[in-house]
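Each remark here refers to the structure printed beneath this line.
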Amino acid sequence: MSQVYTKDFEIQCHPQQRIWRKISQEIGNLPLPGVPIRLIFTKVEGDTLTFESSFIDTDRNLVW
């Protein structure tokens, strides 16, 4: 069975560290509800980046 969740979340990232490698590491460290399948950057306030994302939680093998 598969379920898709949509969630807003924030990460802290200094402007000089705003490269995808750093951002993806920060996102990967969060306790999110599954594998991200859609990621939208929605807001920045100081060092806080806000994203909206959809996640899939499935018992099937994912194809990378």
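Some notes on this structure:
- Whole-percent carbon and sulfur share, accessible surface of the chain, 1.4 Å: 51
- Solvent-accessible surface of the chain, taken per residue with a 1.4 Å probe and all protein chains present: 76 Å².
- A straight chain from T58 to W20 at 0.36 nm per residue would run longer than the Cα-Cα distance by 11.1 nm.
- Electrostatic tally near V44: other residues with Cβ closer than 13 Å to its Cβ, Lys and Arg +1, Asp and Glu -1, net -1.
- About the centre of its Cα atoms, the chain shows a dipole size close to 240 debye [charges on the beta carbon of Lys, Arg (+1) and Asp, Glu (-1) only; nearest 20 debye].
- Structure-derived mean projected area of the Cα convex hull in nm²: which label, when the choices are (1) 8.3; (2) 4.6; (3) 5.3: (2)
- With the helix formula -39500 (n - 2.57) applied to DSSP H stretches of n ≥ 4, the chain reaches a computed 222 nm mean residue ellipticity of -4000 deg cm²/dmol.
The values are calculated or read from the model by the stated rules, or taken from the named source; none is laboratory data. Quantities reported herein were computed from a predicted structural model and do not represent experimental measurements. Here Cβ is always computed from backbone atoms with ideal geometry, including for glycine, and neighbour counts include all displayed protein chains. Please note that ligands, DNA and RNA were not included when accessible areas were found on the heavy atoms of the full protein model with its side chains. Shrake-Rupley method; radii C 1.70, N 1.55, O 1.52, S 1.80 Å.
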